[in-house]
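Structure first, then comments.
The values are calculated or read from the model by the stated rules, or taken from the named source; none is laboratory data. Note that the structure is a prediction, hence the values are computed from the model and not measured. Every residue, glycine as well, gets a Cβ built from its backbone with ideal geometry; the counts of neighbours run over all protein chains shown. Calculation scope for accessible area: heavy atoms of the full protein, side chains included, ligands and nucleic acids excluded. Shrake-Rupley method; radii C 1.70, N 1.55, O 1.52, S 1.80 Å.
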Amino acid sequence: MHPLTMPACLPTNALRTGLALLTLGLSTVASLAAPPQDIRFAPGSSGAEVKGRLKGDTDTDYRLVAGAGQTLSVELLASNASQNFNVFAPGSDEAMFSSASGGFKANLVLPTDGAYRIQTFLMRNAARRGEATQYTLKVAVSGAALPALPGTQDAKVPGTGFHATAQLPCKPPYAAATQCEAGVIRRGRDGTATVVIRGPNQLLRQILFVKGQPVTSNTTQAMKARREGDTTVVDIGGEERYDIPDVLLTGG
């Protein structure tokens with residue numbers, strides 16, 4: 001069984017550094033040249049439409065706060081077929097959806113809580129030609145969020161938003177097998193949790209488990225899982241591997 005740093009114990013200096021980065025990954029939206037525009041729904045509504053115009057290499061970013069387990073739907077209607085959009089999870093610089101490969105309508109189960117970023121832009125060739133586009137983004141959030149267990153039910157590691165931390169065997173993309181820093185936000189006692197992983201090359205991976213099964217993450221890459229004893233081995237895109245022990249998800 002993998003060793004865990006439980007809330008009653010302060011982490012080591014090395015783990016404390018990893019925890020600071022992990023916590024940053026939960027709450028920090030990547031810095032942008034211009035601040036994103038907030039999308040807020042009217043009272044009683046679960047969706048909104050925003051309209052805009054782009055020209056050349058300008059981007060427009062939107063921000064929407066949602067919770068783990070909810071479904072974010074985004075549809076782009078644009079006058080220029082070279083316009084696309086990406087969706088980023090909180091704190092992540094890696095798109096979890098790209099319309100360039102996934103089409104102009106997204107339905108995404110969200111891996112964690114926080115501000116999701118929707119980036120709209122013209123593809124490079126169109127941008128270089130100075131083309132313009134007018135667009136409508138249809139955005140909606142459905143389903144109930146999976147709330148984190150309160151500290152009264154599952155104490156948190158001091159100074160973090162995590163119920164427990166660990167060093168996990170991992171194989172990050174484009175790197176050798178190593179140990180990655182991980183923190184867990186438990187959303188039940190049945191293995192429902194968000195696992196946040198930090199590794200080499202500024203890796204940030206957020207994986208939502210529901211009843212012990214990984215269901216979504218903050219990447220466009222396909223995710224598969226298999227069992228090895230009391231551990232779930234998560235494979236992402238054939239390039240990443242993370243060994244997640246049951247005790248991290250459930251608390252034992």
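Worth a mention:
- A 1.4 Å probe run over the protein chains yields, for the chain, 47 Å² of accessible area per residue, whole-number rounding.
- Accessible surface of ASP190, taken over heavy atoms with a 1.4 Å probe and every protein chain present, rounds to 80 Å².
- Listed residues PRO43, PRO158, PRO173, most fluctuating in the chain (Gaussian network, C-alpha, under 10 Å): PRO43
- Taking every C-alpha pair closer than 8 Å and separated by at least 6 residues, the mean separation divided by the residue count of segment 133-250 gives a relative contact order of 20 percent.
- GNM result for the chain, Cα springs below 10 Å: residue of GLN134, GLN83, GLN153 fluctuating most strongly: GLN153
- Value at 222 nm in deg cm²/dmol, rounded to 500, when DSSP H runs of n ≥ 4 in the chain each add -39,500 (n - 2.57): -3000 deg cm²/dmol
- Of LYS51/LYS224; LYS55/LYS105; LYS105/LYS211; LYS105/LYS171; LYS105/LYS224, pairs whose Cα-Cα distance is over 25 Å: LYS51/LYS224; LYS105/LYS211; LYS105/LYS171
- With 0.36 nm allotted per residue and the present C-alpha distance subtracted, the ALA48-ALA144 stretch has 32.8 nm of extension available.
- Computed on segment 181-252, with alpha-carbon pairs under 8 angstrom and 6+ residues apart, the relative contact order is 25 percent.
- Computed over the chain: relative contact order in percent, which uses C-alpha pairs under 8 Å that are six or more apart: 21
- Each other residue within a Cβ distance under 12 Å of ALA175 adds +1 if Lys or Arg and -1 if Asp or Glu, for a net charge of 0.
- Karplus-derived 3J(HN,Hα), 6.51/-1.76/1.60, for each residue of segment 178-192, Hz, glycine and proline x: 7, 10, 10, 7, 9, x, 10, 10, 7, 10, x, 9, 9, x, 8
- With DNA, RNA and ligands ignored, accessible area of THR194 (1.4 Å probe; Å², nearest 10): 0
- Selection from LEU108, THR136, GLY91 lying farthest towards where the dipole of the chain points positive, charges on Cβ: THR136
- Span from the segment 47-86 Cα centroid across to the segment 162-213 one, whole angstrom: 28
- Top of GLY199, GLY159, GLY44 by mean-square fluctuation, Gaussian network on the chain, Cα under 10 Å: GLY44
- Placed amide H near GLN70: partners under 5 Å, 5+ positions off or other chain: LEU110, LEU146
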